[in-house]
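The values are calculated or read from the model by the stated rules, or taken from the named source; none is laboratory data. Because the structure is a prediction, the values reported are computed rather than measured. Methodologically, a virtual Cβ is constructed for each residue, glycine included, from the backbone with ideal geometry; neighbour enumeration extends over all protein chains shown.
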Ligand code: HEM
């Protein structure tokens with residue numbers, strides 16, 4: 001077995017890959033939020049749709065997109081493997097009685113929160129990505145978003161998923177830097193600060209979008 005194969009198969013190698021893919025996905029979250037904030041420009045979606053057209057027509061972005069999907073797949077695959085591996089380990093009686101003494105609630109439910117975010121992602125892609133990329137008769141991206149966020153159920157599901165995404169990142173961001181060995185360094189405060197941006201500010205930024213469009217729909221604002 002080559003050194004690379006044994007690193008990928010080892011627990012520490014998998015944790016490292018989880019950390020790197022997770023941080024890569026965080027950069028997407030930031031870029032995607034900035035793009036989606038264009039929805040708030042009061043021009044009936046002209047700039048937002050132009051931005052969408054630019055994304056789908058740009059060869060560099062399309063290539064990065066493939067990397068993004070592979071990143072998601074790797075993160076999910078390694079997360080599931082690590083979760084199964086930890087589950088198979090027999091806990092000592094002390095650990096069994098005191099799970100909170102060894103890990104935070106966010107870390108213990110990281111697999112569950114990640115799985116629900118994954119379900120959210122499948123529904124999200126089916127609503128927006130699939131029609132925009134594969135259906136020639138699709139409405140504009142702006143129209144798809146504003147139509148989808150007219151349903152209180154859909155918005156409620158988004159808010160629930162975004163809450164879990166925040167919870168997932170609260171553990172995940174810190175854990176990634178712990179794995180990289182940077183949490184004990186002098187950069188700890190900076191890492192905690194960026195962690196807060198990713199687990200609180202970014203999910204909050206996303207949450208404002210469905211709330212705004214549902215509210216506008218209910219009050220006849222657009
Ligand atoms: C709540 C606000 C959000 C809105 C309005 C929104 C809107 C969209 C739209 C319109 C697309 C299709 C873009 C295109 O193909 O041209 C898209 C794609 C995508 N969204 Fe979102 N999104 C939101 C939140 C999220 C969140 C929280 C995640 C991740 C957890 C996410 C992950 C993705 C991914 C992976 C794609 C496919 C890649 C891409 O097209 O860039 N989105 N989103």
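Listing for the model above:
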| read-out | value |
| --- | --- |
| Exclusive hit being out of contact with any strand residue (DSSP E or B) (no Cβ under 7 Å at 6 or more places or on another chain) and at pLDDT 95 or above, set 47, 12 | 47 |
| Given (1) at pLDDT 95 or above; (2) outside any helix (DSSP H, G or I), index of the condition residue 42 fails | (1) |
| Output for the range 194-203, where each listed residue is within 16 Å of the ligand (Cβ to nearest atom) and free of Cβ contacts under 8 Å to residues at least 24 places away in the same chain | 197, 201 |
| Lone unmet requirement of (1) more than 10 Å from the ligand (Cβ to nearest atom); (2) assigned to a helix (DSSP H, G or I); (3) surrounded by 13 or more Cβ atoms within 10 Å (Cβ to Cβ); (4) modelled with pLDDT under 85 for residue 77 | (4) |
| One residue from 163, 134, 128 being more than 9 Å from the ligand (Cβ to nearest atom) and within 21 Å of residue 30 (Cβ to Cβ) | 163 |
| Test set (1) touching a residue at least 60 places away in the same chain (Cβ under 8 Å); (2) surrounded by 18 or more Cβ atoms within 10 Å (Cβ to Cβ); (3) within 28 Å of residue 142 (Cβ to Cβ) - residue 162 fails condition number | (1) |
| Residue match in the range 177-193 (condition: within 11 Å of the ligand (Cβ to nearest atom) and either over 18 Å from the mean Cα position of the chain (by Cα) or within 22 Å of residue 115 (Cα to Cα) (or both)) | no |
| Enumerated helices (runs of 4 or more DSSP H) restricted to the range 111-195, each holding at least 3 residues that are modelled with pLDDT of 90 or more and touching a strand residue (DSSP E or B) at 6+ places or on another chain (Cβ under 8 Å) | none |
| Inter-residue pairs, beta-carbon under 9 Å, first closer than 12 Å to residue 173 by Cβ and in the range 21-40, second within 8 Å of the ligand (Cβ to nearest atom), 6+ apart | 25/68; 25/72; 29/165; 29/203; 29/206 |
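Conditions tested, residue by residue: (1) touching a helix residue (DSSP H, G or I) at 6+ places or on another chain (Cβ under 6 Å); (2) surrounded by fewer than 14 Cβ atoms within 10 Å (Cβ to Cβ).
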position	(1), (2)
178	no, no
186	no, yes
206	yes, no
210	yes, no
215	no, yes
219	no, yes
